[in-house]
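K.L.:
Handing you this structure, nothing more for now.
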Amino acid sequence: MATAPAQKISAPVIVPLPGNEAFAQALADAGAGELGAIETRNFPDGETYVRLATDVAGKAVLLVSTLARPDEGFLRLVFLADAARSLGAATVTLVAPYLAYMRQDRRFRPGEAITSRTFARLISASFDRLVTVDPHLHRYPALSALYEIPALTLHAAPLLADWIAASIAKPLVIGPDEESEQWVSAIAARIGAPHAVLRKIRHGDRDVEIALPDLSRWNGLQPVLVDDIASSGNTLIEAASKLPPLGFARPDVAVVHGIFAGDSYARLAPLCGRIVSSDSVSHPTNVIGLSRLIAEALAAAAAPDPELVRHRRPPEPVDDVERAGIDSFPASDPPPWTGGVA
């Protein structure tokens, strides 16, 4: 008896949000899927128009959006996720190399919103899966304590270690605080280098005091400050300013997420040799690419069980306009069959 031919599985569609085109292209080049496109603009009143310019019916969709400075484009992201589902996407995954809203993980003062939990509920309501790199966990043991959808957490520490080994002779790897001990020691062990950690005393969001341990035994080594995130940059600035008076060269800096808010990069750069970051957040310091790490993880991860995919609502039926082959028309313009009258 003849067997039915195996059904061909479509490659995922990689859809970049504005500003994420280069990262999405790198993902496609790394074999994560086929590049898709969107059309987006703002109406005169500021509302957002979005359109998926690629057919997603029956396909896995990867929406690519770093969530650094997320507020401006978050509604666009949610609109696209919902549109993909309504157009029949098999699954909708958020690929967010940098994941925002991890800072506020408790009420520090009465009445404060615990925005990490609220943001997690919003993401979980719109996507089937989340893929991110080195989320800035504090009091949460893992993203599963926050997110109601499967969350694939990847780690860039080996990539930082490999860059240090290839670029710096005789490095001394230095972490920002005691909490980073395990992370920093793993980076140093991977390349056979010594390491130390600083003691951070935080007096506020932008007020950080740094205490250095005795580093005299490593005089002559090149200090490399490593951190998972450079946001205000104050920790790195404070540490970098204290090393040369101890007889060390200006430190190099390697971070996963280079936010560099405000003028932090301009203040940090004169104190350092090289400053490098991953491309999780677009910045001139981007040297360490994450696309292959993410592409390989997506390929290795089992496809979600169709019975477990949380479709928030079924795909919308094809209407007469789509049957006629009309893809879309700007919502602010009247359709052609009205004779130009809205």
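Values quoted throughout were computed directly from the atomic coordinates according to the rules given, and no laboratory measurement underlies them. Being a predicted model, the structure only gives us computed values, none of them experimental. Don't worry about glycine lacking a Cβ; one is built from the backbone with ideal geometry, like all the others, and counts go over all protein chains shown.
K.L.:
Multiplying the sequence separation of Arg274 and Glu21 by 0.36 nm and subtracting their Cα-Cα distance, what value in nm do you get?
P.N.:
Values: separation 253, 0.36 × 253 = 91.08 nm, distance 2.63 nm.
Result for the pair: 88.5 nm of gain on full extension.
K.L.:
Follow-up question, since we're still on this one. For Arg217 and His155, what is the calculated FRET efficiency with R₀ set at 30 Å and r taken between the beta-carbons, to the nearest 0.05? Could the numbers behind the result be given before it?
P.N.:
Working: r = 29 Å, r/R0 = 0.98.
With a Förster radius of 30 Å, E is 0.55.
K.L.:
Okay, next question. At a Förster distance of 25 Å, what's the computed FRET efficiency of Ala189 paired with Glu296, Cβ-Cβ distance as r, to 0.05? Before the final figure, lay out each step's value.
P.N.:
Working: r = 23 Å, r/R0 = 0.90.
Efficiency at R0 = 25 Å is approximately 0.65.
K.L.:
Using per-residue counts of other Cβ atoms within 10 Å, averaged over each peptide, order 143-154, 86-97 from highest down.
P.N.:
Ranking the peptides 143-154, 86-97 by packing returns 86-97, 143-154.
K.L.:
Want the number for Ala57 to Ala125: 0.36 nm per residue separation, take away the alpha-carbon distance, what's left?
P.N.:
Extending this stretch completely gives an extra 22.5 nm.
K.L.:
Looking at Leu77, Thr54, Ala89, which one has the Cα that reaches farthest to the positive end of the dipole of region 29-110 (charges on Cβ: Lys, Arg +1; Asp, Glu -1)?
P.N.:
After comparing all options, I get Leu77.
K.L.:
Sticking with this structure for a sec: Quick one: divide the alpha-carbon radius of gyration of region 1-135 by 2.2 N^0.38 Å and tell me what you get. Walk me through the numbers on the way to the answer.
P.N.:
Details: Rg = 17.1 Å, N = 135, 2.2 N^0.38 = 14.2 Å.
The reported ratio for this selection is 1.21.
K.L.:
Find how much the distance from Leu75 to Arg199 grows on full extension, using 0.36 nm per residue of separation minus their present alpha carbon separation; answer in nm with one decimal. Spell out each step's value before the answer.
P.N.:
Details: separation 124, 0.36 × 124 = 44.64 nm, distance 3.92 nm.
Extending this stretch completely gives an extra 40.7 nm.
K.L.:
In region 34-110, which chymotrypsin sites (Phe, Trp or Tyr not before Pro) are in a loop and have at most 12 other Cβ atoms within 10 Å, using DSSP for the loop call?
P.N.:
Working: sites: Tyr49, Phe74, Phe79, Tyr98, Tyr101, Phe108; in loops: Tyr98, Tyr101, Phe108.
In loop regions of region 34-110 (DSSP not H, G, I, E or B), the sparsely surrounded chymotrypsin sites (Phe, Trp or Tyr not before Pro) are Phe108.
K.L.:
Further question on the same structure: Relative contact order of region 157-289: what whole-number percent is it, with Cα pairs under 8 angstrom and at least 6 residues apart? List each step's numbers first, then the result.
P.N.:
Numbers: 263 pairs, mean separation 27.0, N = 133.
20 percent.
K.L.:
Please identify the trypsin sites (Lys or Arg not before Pro) of region 79-143 that satisfy two criteria: DSSP loop assignment and at most 16 other Cβ atoms within 10 Å. Which are they?
P.N.:
Numbers: sites: Arg85, Arg103, Arg106, Arg107, Arg117, Arg121, Arg129, Arg139; in loops: Arg103, Arg106, Arg107, Arg139.
Here the trypsin sites (Lys or Arg not before Pro) that fit, given the DSSP loop and packing criteria, are Arg103, Arg106, Arg107, Arg139.
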